[in-house]
Amino acid sequence: MDTNLLVESKIAEGEALVRHLVHNQFAVSVAFWVQRTEEGLWTLYLASSSVIAEKLNEAYKVVFAALAEIADCTLTPSEIKIIASTDPIARDAVALRDRNPIPIREPKREHRKRLGNLATEELFIYPRRLPLKVREEPNGPWQVLISELDDVWLTCDSEDDARMIAKARVLEEEALELRTSDEQLVSQLELASQLEKTADVMQRYRMGFGSRSLRHRAEELRRHHKTAS
C-alpha cells in the first residue's frame, strides 16, 4: 500500500471486515486506520470488548479467519492491530468519533490527533454504526442491500436514493438515543428532518413498514423538542 495514501479500497475492506466480525458476534467498539508518521505505513486498529489481554492470540485468530473469508480482500495480517476497548487509545478514539452532536456516518479523516500514548499523523475513523451496503451495477443502476442473510438488493433510481435508504437504520438508532437527551435539541430537529426525508424516499420504493417507523421516530423527536424547549 502507498505509504502516503490510504486508498478507498482499503477503507472499504476495513469496513467489510468490521461488518463480518460484528455479524459473527465479535464486538467492535471502534475501528480506525492510523498513520503514525508522514511517510509511515497505515495500520487498522480494532478495539473490542471481546479482547482479553491474556488471550490476545485468540482474538487475532478470529480476526484473521474473518479476513480470509472476505472475497478479493487485499488486507494483510501485518496491517491489523487489535486492542481492548478499555485501552486508552480506544477510549480516546471513541471520544473523537462521538464528539459531535450528530454522529459521523462515513469514515472521518483527522490530522495529528493523540490517542492515549499513540501520536498520529493522520487517521480515518469509522462511524459508530455502519450503513447498509450499496453498489453500482455494470449497466448503471444503483442498489442497496436490504437483506444480508438472503442477499436481496433493491434497485434504486439514483445513487442518492440508495445511500439514503442505506442509512435508514443508522438514523433510527440515533433517534432512539437523542429522544431522551435534553442537551441536543437542535440536533433532534435536524435528525427529525433527515428521518422524514428518508421516509419519503422509502415510501417511493414501497418500503412502507420502514417508512412508517422513521416517521414515528421523527414525531417522537419533534414532540420531545417541543416539551423540552
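Among the residues making up region 70-91, those that are surrounded by 12 or more Cβ atoms within 10 Å (Cβ to Cβ) and either of a type in the set (Asp, Glu) or part of a loop (DSSP other than H, G, I, E, B) (or both) are 70, 73, 75, 79, 85, 86, 87. Among residues belonging to region 163-196 that are within 22 Å of residue 136 (Cβ to Cβ), assigned to a helix (DSSP H, G or I) and out of contact with any strand residue (DSSP E or B) (no Cβ under 7 Å at 6 or more places or on another chain), point out the one that is modelled with the highest pLDDT. It comes out as 164. Yes or no: region 40-53 includes at least one residue that is assigned to a loop (DSSP other than H, G, I, E, B) and in contact (Cβ under 8 Å) with a residue 60 or more places away in the chain. Scanning region 40-53 turns up at least one residue that is assigned to a loop (DSSP other than H, G, I, E, B) and in contact (Cβ under 8 Å) with a residue 60 or more places away in the chain. No other residue among 12, 65 is closer than 22 Å to residue 106 by Cα, assigned to a helix (DSSP H, G or I), of a type outside the set (S, T, N, Q) and without any contact (Cβ under 8 Å) to a residue 40 or more places away in the chain apart from 12. Residue count for region 155-174 satisfying the condition of being in contact with a helix residue (DSSP H, G or I) (Cβ under 8 Å, 6 or more places away or on another chain) and buried (at least 21 other Cβ atoms within 10 Å of the Cβ): 7.
Selection over region 115-125 of residues that are farther than 13 Å from residue 32 by Cβ and free of Cβ contacts under 8 Å to residues at least 60 places away in the same chain gives a count of 1. In region 128-150, the residue that is surrounded by the most Cβ atoms within 10 Å (Cβ to Cβ) out of those that are of a type in the set (Asp, Glu) and at pLDDT below 80 is 148. The residues on offer are 30, 51, 34, and the sole one that is among the aliphatic types (A, V, I, L, M), more than 18 Å from the chain's Cα centre (by Cα) and buried (at least 17 other Cβ atoms within 10 Å of the Cβ) is 51.
The values are calculated or read from the model by the stated rules, or taken from the named source; none is laboratory data. Every value quoted in this text rests on a predicted model; they were computed, and no experiment measured them. Backbone-built Cβ (ideal geometry, glycine too); neighbour counts: all protein chains shown.
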